[in-house]
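Asks: Sharing a structure, written as structure tokens. Questions coming.
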Amino acid sequence: MPDDAPLLRMVNIVKNFPGVKALKGVDLEVVAGEVHALMGENGAGKSTLMKCLIGIHPQTSGDIYFQGRKLPPQYNPAEALDMGLAMIHQELSPVAHRPIMENIWLGREPKNRFGLIDHAKMADMTRDVLKLIDLDIDPRTRMGELTVAKMQMVEIAKALSFDAKLIIMDEPTSAITDREVTQLFKLIERLKSEGRGIVYISHKIDEIFQIADRITVFRDGERVGTDRANDTTMDRMITMMVGRPIDEMFPKVDCEIGAVHLEVKGLSSGRAFKDVSFTVRKGEILGLAGLVGAGRSEVVESIFGLRHLDKGEIFIDGKPVTIRSPADAIGHGMAFLTEDRRETGIFPMLDIQFNMYIANMRKFTSKSSVRLLSFKRIKEEVTYFIDTINVKTPSQYQKIENLSGGNQQKVLVARWLMTEPEILFLDEPTRGIDVGAKAEIHKLVTFLAGQGKCVVMISSELPEVLGMSDRVVVMYEGKVTGILDNTNQKLTQEEVMRYASGAVELEAAGKLV
């Protein structure tokens, strides 16, 4: 391959699915030793293009050149790995109950002279490949015992075991801490210095500008443009992505705050959290902030009946209620959008229609003793929500796994809106969603608050917490360290972090000067 030739060249790539033209003649070039970021709204075509590259979806038409060689029109992911193409997917799927070394060498295990797997040699080979990414861990450790960040590092090690020249990372920082992001970025810089190409897909615009050399923007299955990161701006990227300027990412409007509707007192659950108390008023958006592991999700899971409470009381309109299961919670007008839509949200193999109505089937059953579902009424209501929330799909009978992450999230929001809840718990509602979809979700949340609903929103993105919340409950190591007023939108990230990091508690105890 000539020195000035691109490492990867994709020319006029078209990909058609039934009823959808996902890619409309897309071009892309990646050179060795660069981080090339792909940006765009959910459904813009970024991940589809990469899946064409690694053989998951053969392109309908178009040519792919890698290391100066034209690739065959069809090949599978195993053949792509052998050619030096590797992809680390947003939704990691390790063999959780097997050790690291078996995950890395699956299907390529070293054999001894008797044709049996040589586990000692495999452990040595694994240590060698883990050294490449400075990961000091026992190769026999089960994958299920690792953090998400370490699982991603193992996936990178696996890619290097194939001597991958091009590594695709799809939303690699969506579920890891800031410290782990820093470690990942250092590793990416090392991979660049070795002449490897990195394709980096992310919705986090700030980190794109930290790590990328060039940025390509997609919209509606087309490449809008490519710029050097140093030669463009965040506003220009957003405008390119959505086709219009987004003047207000957090369209929070003043809502009439009513009486206290939900109150929790002294909630405790094992080591997850202790003595948590707060109130939520009608029309109020209450933010739950804190670092990873602070116990925010666990508190909401307990209120919703998903986790056992050791002690504590829950009141609705001043009356004590007992919630032992999600069915009880739904019966009391609660809804819960979980953090991990893949694991605890969607039914991937089933269609959009089923995924919407499943939480409120009784609404669509006949009054007779037979209790039959009325699919006519279901179709009408699903159509209403698809149009209202702007779910991009050719049909409500499309499998939900075929939708982009943002559109899957919208379907789950619609599922809970069908139950006509009075209290909504939203756990990371915009995780993995593009800027356009985020603005739509934010607009929907503030609209619901305007209708007098109680909204409790967990978010790890402080700008989102501050931009949307009337008050912020801050947690640290399972305890509430502060309940901060934000009705005038004057609360700062620095102040929230003082409570989220435990600094306020240390100051009060005289341990921090």
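The values are calculated or read from the model by the stated rules, or taken from the named source; none is laboratory data. Remember, it's a predicted structure, so these values are computed and weren't measured experimentally. Counting neighbours? That spans all protein chains shown, and the Cβs are built from the backbone with ideal geometry, glycine included. The protein model used for the area step is the full one, side chains on, heavy atoms only, and it has no ligands, DNA or RNA in it. Shrake-Rupley method; radii C 1.70, N 1.55, O 1.52, S 1.80 Å.
Asks: May I ask you to say which residue of N407, N402, N390 is open to solvent by 80 Å² or more (accessible area, probe 1.4 Å), within 18 Å of V20 (Cβ to Cβ) and modelled with pLDDT under 90?
Replies: Step by step, each of N407, N402, N390 is checked, and only N402 is open to solvent by 80 Å² or more (accessible area, probe 1.4 Å), within 18 Å of V20 (Cβ to Cβ) and modelled with pLDDT under 90.
Asks: Looking at (1) part of a helix (DSSP H, G or I); (2) in contact (Cβ under 8 Å) with a residue 60 or more places away in the chain, which is the one condition that is false for L92?
Replies: Every listed condition holds for L92 apart from (1).
Asks: On to the next question. Find the residue count for the range 285-321, including only residues that are open to solvent by 20 Å² or more (accessible area, probe 1.4 Å), among the β-branched types (V, I, T) and either under 16 Å from T344 (Cα atoms) or not in a strand (DSSP E or B) (or both).
Replies: 1
For (1) of a type in the set (A, V, I, L, M); (2) over 25 Å from K192 (Cα atoms); (3) at pLDDT 90 or above, each residue gets a yes or a no:
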{"residue": "G25", "(1), (2), (3)": "no, yes, yes"}
{"residue": "M39", "(1), (2), (3)": "yes, no, no"}
{"residue": "A44", "(1), (2), (3)": "yes, yes, no"}
{"residue": "K51", "(1), (2), (3)": "no, no, yes"}
{"residue": "F66", "(1), (2), (3)": "no, no, yes"}
{"residue": "L71", "(1), (2), (3)": "yes, no, yes"}
{"residue": "I88", "(1), (2), (3)": "yes, no, no"}
{"residue": "S93", "(1), (2), (3)": "no, yes, no"}
{"residue": "R98", "(1), (2), (3)": "no, yes, yes"}
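Asks: Run down A37, A5 and say which single residue is under 27 Å from R190 (Cβ atoms) and surrounded by fewer than 20 Cβ atoms within 10 Å (Cβ to Cβ).
Replies: Working: A37 fails: surrounded by fewer than 20 Cβ atoms within 10 Å (Cβ to Cβ).
Being under 27 Å from R190 (Cβ atoms) and surrounded by fewer than 20 Cβ atoms within 10 Å (Cβ to Cβ) holds for just one of A37, A5, which is A5.
Asks: Still on this structure, please answer the following. In the list E339, E298, which residue meets the criterion of being of a type in the set (D, E, K, R), in contact with a Phe, Trp or Tyr (Cβ under 7 Å, 6 or more places away or on another chain) and touching a residue at least 24 places away in the same chain (Cβ under 8 Å)?
Replies: Values: E339 fails: in contact with a Phe, Trp or Tyr (Cβ under 7 Å, 6 or more places away or on another chain).
Among E339, E298, only E298 is of a type in the set (D, E, K, R), in contact with a Phe, Trp or Tyr (Cβ under 7 Å, 6 or more places away or on another chain) and touching a residue at least 24 places away in the same chain (Cβ under 8 Å).
Asks: So, one more: Mind checking which residues of the range 204-219 are assigned to a loop (DSSP other than H, G, I, E, B), out of contact with any Lys or Arg (no Cβ under 8 Å at 6 or more places or on another chain) and touching a residue at least 60 places away in the same chain (Cβ under 8 Å)?
Replies: A212 - this is the single residue of the range 204-219 that is assigned to a loop (DSSP other than H, G, I, E, B), out of contact with any Lys or Arg (no Cβ under 8 Å at 6 or more places or on another chain) and touching a residue at least 60 places away in the same chain (Cβ under 8 Å).
Asks: Name the residue that is nearest to the chain's Cα centre (by Cα), counting only residues in the range 458-487 that are assigned to a strand (DSSP E or B) and not aliphatic (A, V, I, L, M). I'd like the intermediate steps shown before the answer.
Replies: Keep residues of the range 458-487 that are assigned to a strand (DSSP E or B), which gives 458, 471-476, 479-485.
Then drop every residue that is not not aliphatic (A, V, I, L, M), which leaves 471, 476, 479, 481-482, 485.
Numbers: R471: 25, Y476: 23, K479: 26, T481: 27, G482: 27, D485: 28 Å.
Once the filter is applied, the top-ranked residue is Y476.
Asks: Among the residues of the range 399-426, write down those that are part of a loop (DSSP other than H, G, I, E, B) and either of a type in the set (A, V, I, L, M) or over 14 Å from the mean Cα position of the chain (by Cα) (or both).
Replies: Taking the range 399-426 first, the residues part of a loop (DSSP other than H, G, I, E, B) are 403-404, 418-422.
The answer is L403, M418, T419, E420, P421, E422.
Asks: For Y75, only one of the following conditions fails: (1) within 27 Å of the chain's Cα centre (by Cα); (2) at pLDDT 90 or above; (3) part of a loop (DSSP other than H, G, I, E, B). What is its number?
Replies: (1)
Asks: Quick one: would you say K490 is assigned to a loop (DSSP other than H, G, I, E, B), open to solvent by 20 Å² or more (accessible area, probe 1.4 Å) and of a type outside the set (A, V, I, L, M, F, W, C)? Let's see the steps before the verdict.
Replies: Numbers: assigned to a loop (DSSP other than H, G, I, E, B): yes; open to solvent by 20 Å² or more (accessible area, probe 1.4 Å): yes; of a type outside the set (A, V, I, L, M, F, W, C): yes.
Taking the combined requirement at face value, the residue satisfies it.
Asks: Please tell me if L350 is among the aliphatic types (A, V, I, L, M) and open to solvent by less than 50 Å² (accessible area, probe 1.4 Å).
Replies: The answer is no for L350.
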